[in-house]
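One structure below.
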Amino acid sequence: MNHTFYEKGRNLPILDKVDVVVVGGGPAGLIAAIASARNKASTLLIERFGFLGGMAATGLPLHAFIAADGTRVIKGIPQEVVDRLIRNKGSPGHMPGKIVSKTMRGSTAPIDPEVFKQVALEMLEEANSKILLYTLAVDGIVQRNIVKGVILENKSGRQAVLAKVVIDASGDGDIAARCGASFEKGRKEDGLMQPPSLMFTLANVDTEKSDSFPKDKLFQLTKEANQKGELPAPVNQLWYFTIQKGVVAVNGTRVNRIDGTQALDLTQAEIELRKQIPKVVSFLKRYVSGFESSVLVGTGPIIGVRETRRIIGEYVLTGEDVLQARQFEDQIAKSGYFLDIHNPNGAGVQRAYIKGGASYGIPYRCLIPKKIDNLVVAGRCISTTFEAHASTRVMGPCMAIGQAAGTAAALAVREGVPPRKLEAEKLRQTLLEQGAIV
Ligand SMILES: Cc1cc2nc3c(=O)[nH]c(=O)nc-3n(C[C@H](O)[C@H](O)[C@H](O)COP(=O)(O)OP(=O)(O)OC[C@H]3O[C@@H](n4cnc5c(N)ncnc54)[C@H](O)[C@@H]3O)c2cc1C
């Protein structure tokens, strides 16, 4: 570390100089870093935790590789991850029509989060991407609206990394926001966002019995328990099957009016959600057959934040684009997931389905923030409305967007142009050649 970067009155050590920095090692960032490195850009992935996977590391299943009409919409590197999970006994693969109920058709792939963490590291190493764990990216280095790198903090102190392109895959758009990109949060009318939840796992469940428990009865029971203050919200889907026998992942906690970009809100949510867990457990044990002898064996490493910043890009994908299954000339990925809005102000989930169970396209322009150059966004924070976000946010689309972001960054570096100027058709062709569906 011979060089330093001058920041606000002090010199920071320059940890590295690379072509592409990816901030965040969740489903989007992981795939972005693999794609960037495979396309011969020197790549560094920065992750605040000691493990990779983001929300995939909490044991959630990967939704939406297959649309409701049965069409395959996601392949490429995301599918390579699933294939490797299958080989390592970390997933049975996609289970078409199995998302939740008949009306929520599509696909879901249950995963073992521990195998996912391992596969993520392996694939990054094989692609020759550098990895920096235990490191929070805290700021962007921006000169005249051009991003030149990121500032980070970790046990070694504050440092700089210089890069030709920065990909913000932090879920929250942390770095894009710090670089000055415009963003929106929540619903148009009141800015409220979907509520966070804390996932937990129960073992010793008789899943044959629990799986055949009638959904309408469960909904009625949860409604009554909610009215009595025993449960946070009425729901008809409280748990997901996992790949371990007798173990289910429970998604039954929630707290409204939380802004996941505010540490005080996150703290309040963590405390409240932890208080809800024993209530959900005792509800299940008391009312739902199969759960009588269940035991709590784990809680998510972090609360699950469904929604925060949506960075405003060159195009803003709308709910109508999703529902009408619109296609775009510059689309770099597809998604067949419906609008899945957890009520930001009370109980319940609002859903709307894509015309004909088909899929819509995600334009490259949604990954390119307005005005700021050499910055690409990927995953949950891409440019959408509140409604469209409720579809693009699940892991299948986030992974596919990640492949497009990483490939775009590497091609832009190779051609010596900012990602905004990269020809979308060239990107689409490269993605197709590399196995993705566009
Ligand atoms: C409760 C809940 C249930 C869900 N259920 C499902 C489901 O069943 N199936 C499904 O497909 N999707 C589900 N989703 C949606 C999905 O999990 C997320 O929207 C998706 O993981 C987003 O991917 P991402 O890579 O954009 O962000 P994330 O998964 O959030 O990953 C972001 C990564 O960036 C890291 N990071 C953040 N900020 C920084 C920073 N400043 N510096 C360094 N690192 C940083 C984080 O630690 C994390 O690893 C659910 C979401 C929630 C909250």
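The values are calculated or read from the model by the stated rules, or taken from the named source; none is laboratory data. These numbers were taken from a predicted model, which means no experiment stands behind them. Reconstructed Cβ throughout: ideal geometry from the backbone, glycine too, with neighbour counts over all protein chains shown.
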Worksheet entry | Flag for ASN374 being in contact (Cβ under 8 Å) with a residue 40 or more places away in the chain and within 27 Å of VAL166 (Cα to Cα) | yes
Worksheet entry | Set GLY149, GLY90: member being part of a loop (DSSP other than H, G, I, E, B) and in contact with a Lys or Arg (Cβ under 9 Å, 6 or more places away or on another chain) | GLY90
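Conditions tested, residue by residue: (1) surrounded by fewer than 24 Cβ atoms within 10 Å (Cβ to Cβ); (2) within 30 Å of PRO418 (Cβ to Cβ).
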| site | (1), (2) |
| --- | --- |
| GLU329 | yes, yes |
| ILE332 | no, yes |
| ILE341 | yes, no |
| GLY348 | yes, no |
| ARG351 | yes, no |
| SER359 | no, yes |
| PRO363 | no, yes |
Response to the item:
Residues of segment 192-221 being away from the ligand (no atom under 16 Å from the Cβ), in a loop (DSSP other than H, G, I, E, B), surrounded by fewer than 23 Cβ atoms within 10 Å (Cβ to Cβ) and hydrophobic (A, V, I, L, M, F, W, C), in sequence order, are PHE213
Practice prompt. Check every one of the strands (runs of 3 or more DSSP E) wholly within segment 319-401 and list those with 1 or more residues that are in contact with a Phe, Trp or Tyr (Cβ under 7 Å, 6 or more places away or on another chain) and within 16 Å of the ligand (Cβ to nearest atom).
Written response: 331-335, 349-352
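Of the residues in segment 337-349, how many are at pLDDT 90 or above and touching a strand residue (DSSP E or B) at 6+ places or on another chain (Cβ under 7 Å)?
7
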Worksheet item: Does GLY54 satisfy being over 17 Å from the mean Cα position of the chain (by Cα), surrounded by 17 or more Cβ atoms within 10 Å (Cβ to Cβ) and at pLDDT 95 or above?
Response: no
Worksheet item: Among the residues of segment 1-41, which ones are touching a helix residue (DSSP H, G or I) at 6+ places or on another chain (Cβ under 9 Å) and in a loop (DSSP other than H, G, I, E, B)?
Response: GLY24, GLY25, GLY26, ASN39, LYS40, ALA41
Worksheet, complete the sentence: Of the residues in segment 3-51 that are more than 9 Å from the ligand (Cβ to nearest atom), more than 26 Å from LEU411 (Cα to Cα) and among the basic types (Lys, Arg), the one that is surrounded by the most Cβ atoms within 10 Å (Cβ to Cβ) is ARG10
Worksheet item: In this structure, is LYS245 of a type in the set (D, E, K, R) and not in a loop (DSSP other than H, G, I, E, B)?
Response: no
Practice prompt. Output yes when any residue across segment 60-69 is away from the ligand (no atom under 15 Å from the Cβ), in a strand (DSSP E or B), of a type outside the set (Lys, Arg) and surrounded by fewer than 24 Cβ atoms within 10 Å (Cβ to Cβ), and no when none is.
Written response: no
Practice prompt. Scan segment 286-315 for residues that are part of a loop (DSSP other than H, G, I, E, B) and among the polar types (S, T, N, Q) and jot them down.
Written response: SER289, SER293, SER294, THR308
Worksheet entry | Only one of ASP174, ASP83 that is of a type in the set (Asp, Glu) and within 18 Å of GLY54 (Cβ to Cβ) | ASP174
Item to complete: Identify the single condition in (1) away from the ligand (no atom under 16 Å from the Cβ); (2) part of a helix (DSSP H, G or I); (3) surrounded by fewer than 15 Cβ atoms within 10 Å (Cβ to Cβ) that ARG274 does not satisfy, given that it satisfies every other one.
Response: (1)
Discussion item. Can you find, within segment 126-165, the residue that is nearest to LEU375 (Cα to Cα) among those that are away from the ligand (no atom under 13 Å from the Cβ) and of a type in the set (Ser, Thr, Tyr)?
Written reply: SER129
Worksheet item: Name the residues in segment 152-191 that are assigned to a helix (DSSP H, G or I) and among the charged types (D, E, K, R), would you?
Response: ASP174, ARG178
Worksheet, complete the sentence: Only one of (1) at pLDDT 95 or above; (2) within 17 Å of ALA249 (Cβ to Cβ); (3) under 16 Å from the mean Cα position of the chain (by Cα) does not apply to THR108, and that is (1)
